[in-house]
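Worksheet for the structure shown next.
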Amino acid sequence: MSAGAPSRARAIGLLALRRLAFAVPVLLVVAVAVFLLGAASPFDPVYQYYGVQIFSASAEDVARARTELGLDDSVFVQFGRWAGTLLTGDLGDSRSFRQPVAQVIAERLPWTLLLVTVGLLLAVLIAMVLGVLAAWRQGGWLDRAVTATGHALEGIPPFVLGLVAVAVFTLGLGWLPGGGLTDAGETASFAQVATHLVLPAVVLGVSQSPWLVLHIRQSLLTVLAEDHVTGARARGLGEPMVVLRHALPTALLPFVTLLGARVPELVTGAVLVEEVFSWPGVAGAVVKSALAVDFPLLVALSLLATAAVLAGSLLADVAAALLDPRVATDG
Amino acid sequence: MKRRQVALLLPAMIASVAVAAACTTPTAAPDRKAGTDRTAMTLADGYEPESLNPLLGYGEEGVSKLFDGLVEHQADRSVRPLLAADLPKPAPDGRSWTVKLRTGVKFHDASPFNAEDVVATYRALLDPAYASTVKSSFGMLTGVNQVDPETVRFDLAYPYTPFAHKLVLGILPNEALAQPGPLAKNPFGAKPVGTGPYKLEEWRKGEKMVLAANDGYFEKVPKVRKVTVVFATDDNARAQRMKTGEFDGTSLPPALAKTFEGNGYRQITHRSADYRTVTMPMANPVTADKGLRLALNHAVDRQGMINAFLAGKGAPASTPIPQALPEFVEPAAQFRFDRAEAERILDQTGWAKRDNGIRARGDLAASFTLMYPVGDAVRKDLAQAFASDAKAVGIEVKLEGLGWEAIEPRMGKDALVLGGGNPFDPDLKSYPLLHSSFGGDGFNNPGRYSNPAVDRALEAGRREADPAQRVAQYREFQRAYAADPGMVFLAFLDHTYVVRDGWSGYQEVVDPHTHGLTWGPWWNLQDWTPQG
């Protein structure tokens, strides 16, 4: 083991490097694809620029504005212009937010990271507790309830969950605010943000949890039937000791990979949850930029989401490789 | 904090205060935030401006809180000087207007206001390089010049009597316009500097905007010191958050607004000049038929639509001239709901009923497509009602809900539920909507309606300086239109709002077809005072 460690570390390092090198063309393809899709869409950005003034604008003035804004140039010219400014570190200006893309992302990304981190931690926590309890008492009432709810939840999109949560906790019980980062007119203090974070984070966490819960339960059940667990039981160790010390660590390995693989759903979930709760994050901006055919922002956000997915799977693979020497580093 | 929340938290608060009191000095329970401090107001808006730049359409009707125009609209639709020292004066030939400016006015950044700012603002509007989105409504303006540091002159392409109504445009400091280029790229839109009664303190895009009273305001300094505008697009969401006590006011559809009557809230209904009309494109052989258009105008039950879909909050429309401009309304140009009359006209003009109940003339079936913007519930309802009223007299109307991008290229051929309107002068909307020179020009006159008698009256109306003669011209315009209607006007929508009690200063006003809370009950917010 000690002799193998350095080469193992090198293999993992190489894995990371290979993945990072692979990420560059993927990101490039995504950027071009989003741009081309946007160009092919029937939405006309000049509508966004004009807003309601379009209804009184003359055709001639609109045509002039199109020229001034460079909207008549071919999509390749527009892409070239965008890519050129990108190389100078300028992400361009967002038409739907009317501020630099970099600023939109800088203002909003922290709130998304906060929401996603708390949501994911909650999901993992729920999965650990419910998954372990369900597997331990397989077939019991808790197991049946958890499994049934889990399967049902898998089919419910996060925004439905969000609307139900608002209906119950905001409108019905009046316990929690139903949207926004703070109460209207308040500054973003810790207490304000914390109370406003509860509902969106819980909704995001709960919506992500069924796969994790069912997965932990399943892999724990498999492990519980394995020889080393049977052996531990035979040695007369207590049940909690057997489950938590002997079975769970083995069951957690594939769980780490699953977490990484679920990043795309987490991103989608964040978009929907931010939209429902008017959470001022970067994910909610995706909807707005897409509706407005806000090329610069849409491309930047798509790249960000792609990067998150790539990073998620890379981290999961690295973690799995670190935790389990048997995992191959595809090298 | 929300009321119900307070009720639930009260026992907990008492307990914690008791515990705190046991170990430290007693602390007071926290103030109720909303409701007590009447110098701060929180409003909810279903519409967030893209930009706060007047040249990109912010506060188009002159009520923007942040900016002042040379003049401003008053509740009686007249204008009064604001940044101007006196009312603008037309030259005897009507081809130029001179405006004397107020002195001693300062922008929010303390820089002085003068003629250069006015000239810079209007020149940027005219210069295509800035790509101003309000340029099209200034077709009469050819140039702006500084006569002396306190006077500017506007040159017009033709005499234009309602020109003073155009001068409500917010004035920008000239420094903000030093660099030519599309205004969307100008940071000014997010960090506006005006001379208005409020200045922008914070704008968290997509969420809220905070306005603070401008202590250096040249008129009265506002008593409502802080205004927070929260953006919430969804009507139901806004109503629900309003119910929890989060907001002091918002705009809501009539049915939702009604639920707030009493309990410290008041429902405010504003009449408006905001019409909904069905265009009848001349390039479509069915809708181009004069008899069919006339018949449809008699076939629609306007009051029925208002009762069914607008909770009774609206007025029937036959022409673009609203009841809010009473002296201009021509009683002889109003269509009555008369199904028998509609059938008679159709029979007379050769639209014979076929076995399937749909009329036809020769090979041409009385059938056309009506488009409405998808997502606009009111327009969808009106479109459906229109279709069913048309069917009752044997005309088939096929409905299509579409996005504006899909609607635009088809406006010349297919009918469309269109909205618009403003109450200040009949020229402002009627001319671009119905004059033949605007036929097919963007969303102006999308059906290419063309009627020489209408053209003549509209042209005379905008040039006529004598008020009585103007009224006569606009009445003539409506008679000419009603004899050959180019559209089917349905209704003027009332706008409904909910306002929490606790302030005085509300003044009734007729709304234009505006978006956002710059208008509505809060149009004169700077004059409101907290009560009790």
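Every number here is computed from the coordinates shown, using simple stated rules; none is lab data. Nothing here was measured: the structure is a model prediction, and the numbers come from that model. In this analysis, Cβ positions are derived from the backbone assuming ideal geometry, glycine residues included, and neighbour counts consider all displayed protein chains.
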> Residue-wise, which Karplus ³J(HN,Hα) couplings in Hz belong to segment A:192-204, taking 6.51 cos²θ - 1.76 cosθ + 1.60, θ = phi - 60°, and x for glycine or proline?
Replying inline: 4, 5, 4, 5, 6, 7, 3, 4, x, 5, 5, 4, 4
> Expressed as an acute angle from 0 to 90° and rounded to the nearest 10, what is the orientation of the C-alpha long axis of helix A:5-40 relative to the principal long axis of chain A?
Replying inline: 30 degrees
>> Charges on Cβ only, +1 for Lys and Arg, -1 for Asp and Glu, centred on the Cα centroid of segment A:122-265; of A:A232, A:W211, A:M128, which one is farthest towards the dipole's positive end?
In response: A:A232
> Which of the GluC sites (Glu not before Pro) found in segment B:458-511 are in a DSSP loop and have at most 15 neighbouring Cβ atoms, other than their own, within 10 Å?
Replying inline: B:E508
> Measuring from centroid to centroid over Cα atoms, what is the spacing of segment B:41-79 and segment B:469-532 in Å?
Replying inline: 14 Å
>> Just want the answer: with Cβ charges of +1 for Lys and Arg and -1 for Asp and Glu, which residue in B:A131, B:Y47, B:Y158 is farthest toward the dipole's positive end in the protein assembly as shown?
In response: B:Y47
>> I want to verify the translational diffusion coefficient of segment A:57-132 in µm²/s; compute it with Stokes-Einstein, Rh as the Kirkwood radius over Cα pairs, at 4 °C and 1.567 mPa s.
In response: 80 µm²/s
> Check A:T182: other-chain or 5+ apart residues with amide H under 5 Å from its amide H, H built from backbone geometry?
Replying inline: none
> Separation between the B:V147 and B:Q469 pseudo-spin-labels, each 7 Å from Cα along Cα→Cβ, expressed in nm?
Replying inline: 2.3 nm
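Hey, fewest Cβ within 10 Å first, where do B:E50, A:E274 land in order? Let's see the in-between values first.
Numbers: B:E50 24, A:E274 27.
Ranked by crowding around the Cβ, least crowded first: B:E50, A:E274.
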>> Is the C-alpha gyration tensor of segment B:98-160 telling us rounded, prolate or oblate? Criteria: a/c under 1.5 is rounded; beyond that, a/b larger than b/c is prolate, otherwise oblate.
In response: oblate
>> Can you give me the Rg/Rh ratio for segment A:280-325, using Cα atoms for both radii and the Kirkwood formula for Rh?
In response: 1.25
>> Which one, B:Q473, B:P373, B:G502, is farthest towards the positive end of the dipole of chain B when Lys and Arg carry +1 and Asp and Glu -1 on their Cβ?
In response: B:G502
>> Using a 10 Å cut-off around each Cβ, can you sort A:E60, B:E343 from fewest to most neighbouring Cβ atoms?
In response: A:E60, B:E343
> Scanning chain B for helices, which whole DSSP H stretches are 15 Å or more long along the axis (Cα) and average 0.5 or more by Kyte-Doolittle?
Replying inline: B:3-23, B:115-126
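Please report B:K65, B:K290, B:K220, B:K313 as a ranked list, fewest other C-beta atoms within 10 angstrom at the top and most at the bottom. Show your work: numbers first, answer last.
Values: B:K65 26, B:K290 14, B:K220 10, B:K313 22.
Going from least to most buried by this count: B:K220, B:K290, B:K313, B:K65.
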> Taking a ≥ b ≥ c as the square roots of the eigenvalues of the Cα gyration tensor of segment B:304-388, is the shape rounded (a/c under 1.5), prolate (a/b larger than b/c) or oblate?
Replying inline: oblate
>> Quick check: pseudo-label points 7 Å beyond the Cα along Cα→Cβ at B:A91 and B:Y47, how many nm apart are they?
In response: 3.7 nm
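Would you mind computing Rg(Cα) / (2.2 N^0.38 Å) for segment B:377-532, counting N as its residues?
Working: Rg = 19.3 Å, N = 156, 2.2 N^0.38 = 15.0 Å.
Compared with the compact-globule rule of thumb, segment B:377-532 sits at 1.29.
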> How about segment A:215-255: which trypsin sites (Lys or Arg not before Pro) there lie in a loop by DSSP and see at most 13 other Cβ atoms within 10 Å?
Replying inline: A:R235
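Can you tell me the dipole magnitude for segment B:185-232 around its Cα centre, using point charges on the Cβ only (Lys, Arg +1; Asp, Glu -1), in Debye to the nearest 20?
With only Lys, Arg, Asp and Glu charged at Cβ, the dipole is about 100 debye.
Output the direction-averaged projected area (hull surface divided by four) of the convex hull of the alpha-carbon atoms of chain B, in nm². If you can, show how the numbers build up before the last one.
Working: hull surface 113.2 nm².
If you wrap the Cα atoms of chain B in a convex hull and average its projections, you get 28.3 nm².
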>> Can you show me the helix-derived [θ] at 222 nm for the protein assembly as shown, built from DSSP H runs with n ≥ 4 at -39,500 (n - 2.57) apiece and divided by the number of residues, rounded to the nearest 500.
In response: -14000 deg cm²/dmol
> For B:T98 and B:E219, FRET efficiency with R0 = 25 Å and r from the beta-carbon atoms, rounded to 0.05?
Replying inline: 0.65
>> Run the simple label-point estimate for B:N524 and B:N263 please: 7 Å along Cα→C-beta, distance reported in nm.
In response: 3.0 nm
> Dipole size in debye (nearest 20) for chain B around its Cα centre, Lys and Arg Cβ +1, Asp and Glu Cβ -1?
Replying inline: 940 debye
>> Whole angstrom only: what separates the Cα centroid of segment B:372-449 from the Cα centroid of segment B:121-162?
In response: 30 Å
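Calculate the dipole size of the protein assembly as shown relative to its Cα centre from +1 charges on Lys and Arg beta carbons and -1 charges on Asp and Glu beta carbons; express the result in debye to the nearest 20. Show your work: numbers first, answer last.
On the way: 80 positive and 86 negative charges, 346 e Å.
The dipole magnitude comes to about 1660 debye.
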> Using 0.36 nm per residue, how much length does the chain from B:S504 to B:R479 gain when fully extended, once their Cα-Cα distance is taken away?
Replying inline: 4.7 nm
